[in-house]
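The values are calculated or read from the model by the stated rules, or taken from the named source; none is laboratory data. Keep in mind it's a predicted model, so treat the numbers as computed, not measured. A quick note on method: Cβ atoms are made from the backbone with ideal geometry, for glycine too, and the neighbour counts reach across all protein chains shown.
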Protein chains: 2
Amino acid sequence: VRPGEKVSVLGAGGWGTALSIVLARRGYRVMLWARRGELAESISVTRENPIYLPGVRIPEGIQVSCDLEDAIRDSGLVVMAAPSHGIREVARMCRGLIPRGALVVSASKGLEVDTLKRMSQVIGEEMPSCMVTVLSGPNFAREVARGKPTASVSSSPKAPLAALVQDAFMDPMFRVYTNTDVIGVELGGALKNVYAIGAGIIDGKDMGLNAQAAFITRSLAEMIRLGVAMGARPLTFSGLSGMGDLVLTCFGQYSRNRWCGMELGRGRALEDILSQTRMVVEGVRTAQVAHNLALLHNVEMPIIHQIHAVLHRGRDPEGALMDLMTRDKKAEVDAGIDSWEALG
Amino acid sequence: VRPGEKVSVLGAGGWGTALSIVLARRGYRVMLWARRGELAESISVTRENPIYLPGVRIPEGIQVSCDLEDAIRDSGLVVMAAPSHGIREVARMCRGLIPRGALVVSASKGLEVDTLKRMSQVIGEEMPSCMVTVLSGPNFAREVARGKPTASVSSSPKAPLAALVQDAFMDPMFRVYTNTDVIGVELGGALKNVYAIGAGIIDGKDMGLNAQAAFITRSLAEMIRLGVAMGARPLTFSGLSGMGDLVLTCFGQYSRNRWCGMELGRGRALEDILSQTRMVVEGVRTAQVAHNLALLHNVEMPIIHQIHAVLHRGRDPEGALMDLMTRDKKAEVDAGIDSWEALG
């Protein structure tokens, strides 16, 4: 893909809209697809996405449509930016329509609840003839859309594909690194939403910054443990899609997941909290998936299990924390990871 | 060392005082040494450390003295908690006084400016007959002193020594992990002060949270690079003394280093900023050391060099950031670290 060519972004939420703006800045002809006709119409006319990205002007270079065929026809690059639970359906709709040789970028973070699969796996299943890459990192949509300095990761097991996507997006305010460990990159982006709920609980209970830093670090340690069991590389989790995104989600004021945790920490019931927002609190669903992945791969993830218990089994947050603080004495890096390093 | 025994903490700053409180809670007879007689007297009488830890009551189980010989006589555990630039002198003063077989714990973070050495190396040189271990982690003194949940790392190349110190400090509100990579543990604790200045600049210029998350992550990447060149293990930097402390220092509101960066970001001159505080801004000194270490070990540390240039060469922060954002396209994990992993 070269500037001037047509590219498509599927999903007109905050993140899809922000990525459209980055691509338009890079000189592509961008087609943004919104599932709902009224939203497409409203963005087209007002040049603003009032629901998901209020206050940001959508440049004229971006066309908006609710017609999927129209949106991806002749496109060299198709960005999947639907919410994770809608990705399979959108990918299936694209199957017969997508241009031969188009590069597909998954910009959705999450894991499919029933299958425990990563988004690029889901897309790959539904669009078997396509090359699928992943874009993930510590990227609040509203800051990207406003041109604030941002870094992200383009990932594919095939380094040249990752480099193509890096080229497509990179500019002085959106710096893109490549990483061939797509499993690690996607796991980081998905799991951080669960940990953000935990970080919110710590805030809500006013446990302090030491507790927050310890929580984030030990969350990273168990993320690495699961990742290694699933074939990822440990250092990926020290990167932008791992610790970068974790830190942003746990400390950033915009996160819905963290807000949900804070309310839990203050003693509100989950149903009550969720009924207050029309936005998806991704981490509530992902906690279930992560809990199942830990059991499936026989990996020790005490933090995931405690958050899962608080969310889905009525465990009190205070007791959950005390259980974590009073576990057996441990070494910081487990023997398993040590030997992984030694084996390469 | 067992509860009931005498232990000593040398240095009555915020951190030394907080660690005394933890040890007193664990049941030791704690002797806290203050260099200045008036401070020792004042803490003894008022049961408060009004300069370095205001508002926290010092338990009666802690004795305070300005007599070093008295302070370390018959002690089974000696914690060095002086500021890093004073450690060599305190260690030298202890040489003839320290009881045979006493365990020495370095709780000071920093690198010696002239020699580029780590604190445990400095202590080891001055007290050659002692076993020196390191305690480091994301630990704001005022939270530790107030019994807020905290995690830290006890480190020695000798695992049983690290475990002894873990045993000495660990309780339900102060969770201690062990790590045998003392080089990595000490480098993390020292370098984070430099990066905190950079994080402050980003705040002061209102660049946003994406920029902050990217900055912290790429700081970690270059810390890993230097660490590996110096013999540390990469995953140590993903731990409490690495990313944990980095995150705390870069996001926590208490950090002097970050405050210094914010003022720089707002356009104030360094001398002007430093003249306003009597506290040491450790990162200003450490930037020089890190800059020299990068040159010595021939390691690419673009962020360290830019911060060094802003601090010591009058570089403007805006230009420094643009240089970092517009560097060549990169892979996230460099080839050097990849091959390190493969080699073990």
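Structure summary
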read-out: Residues of region B:234-262 classified as aromatic (Phe, Trp, Tyr), in a helix (DSSP H, G or I) and more than 20 Å from B:HIS291 (Cα to Cα), total; value: 2
read-out: Filter result (more than 8 Å from chain A (Cβ to nearest Cβ), part of a helix (DSSP H, G or I) and among the aliphatic types (A, V, I, L, M)) within region B:217-233; value: B:MET223, B:LEU226, B:VAL228, B:ALA229
read-out: Residues of region A:280-337 classified as away from every other protein chain (no Cβ under 14 Å), more than 18 Å from A:LEU116 (Cβ to Cβ), surrounded by fewer than 19 Cβ atoms within 10 Å (Cβ to Cβ) and of a type in the set (A, V, I, L, M), total; value: 2
read-out: Residues of region A:56-73 classified as in a loop (DSSP other than H, G, I, E, B), of a type in the set (Asp, Glu) and modelled with pLDDT of 95 or more, total; value: 1
read-out: Members of region A:1-19 found to be assigned to a strand (DSSP E or B) and either touching a Lys or Arg at 6+ places or on another chain (Cβ under 6 Å) or at pLDDT below 95 (or both), listed by number; value: A:LYS6
read-out: The listed residue being part of a strand (DSSP E or B) and at pLDDT 95 or above, out of A:VAL30, A:VAL22; value: A:VAL30
read-out: Meets criteria (surrounded by 21 or more Cβ atoms within 10 Å (Cβ to Cβ) and hydroxyl-bearing (Ser, Thr, Tyr)) for B:SER129; value: no
read-out: Residues being under 19 Å from the mean Cα position of the chain (by Cα) and aliphatic (A, V, I, L, M) - total across region A:172-217; value: 12
read-out: Of residues in region A:1-51 being aromatic (Phe, Trp, Tyr) and in contact with an Asp or Glu (Cβ under 9 Å, 6 or more places away or on another chain), the one surrounded by the fewest Cβ atoms within 10 Å (Cβ to Cβ); value: A:TYR28
read-out: Helices (runs of 4 or more DSSP H) contained in region B:117-216 and holding at least 1 residues within 11 Å of chain A (Cβ to nearest Cβ) and aliphatic (A, V, I, L, M); value: B:141-145, B:159-169, B:182-204
read-out: Options B:ARG57, B:ARG47, B:ARG100; residue that is touching a Ser or Thr at 6+ places or on another chain (Cβ under 9 Å) and charged (D, E, K, R); value: B:ARG100
read-out: Helices (runs of 4 or more DSSP H) fully within region A:275-327 counting 1 or more residues that are in contact with a strand residue (DSSP E or B) (Cβ under 6 Å, 6 or more places away or on another chain) and hydrophobic (A, V, I, L, M, F, W, C); value: A:282-297, A:317-325
read-out: Exclusive hit being within 14 Å of the chain's Cα centre (by Cα) and buried (at least 22 other Cβ atoms within 10 Å of the Cβ), set A:LEU246, A:LEU220, A:LEU235; value: A:LEU246
read-out: Boolean, A:ILE123 is in contact with a Lys or Arg (Cβ under 9 Å, 6 or more places away or on another chain) and closer than 22 Å to A:GLN166 by Cβ; value: yes
read-out: Flag if A:PRO50 is modelled with pLDDT under 95 and over 19 Å from A:ALA141 (Cα atoms); value: no
read-out: Among (1) touching a Cys at 6+ places or on another chain (Cβ under 7 Å); (2) over 20 Å from A:THR178 (Cβ atoms), the one test that A:THR115 misses; value: (1)
read-out: Breaking point among (1) at pLDDT below 95; (2) within 14 Å of chain B (Cβ to nearest Cβ); (3) under 17 Å from the mean Cα position of the chain (by Cα), for A:ARG256; value: (2)
read-out: Residue among A:ILE43, A:ILE58 that alone is without any contact (Cβ under 8 Å) to a residue 40 or more places away in the chain and β-branched (Val, Ile, Thr); value: A:ILE43
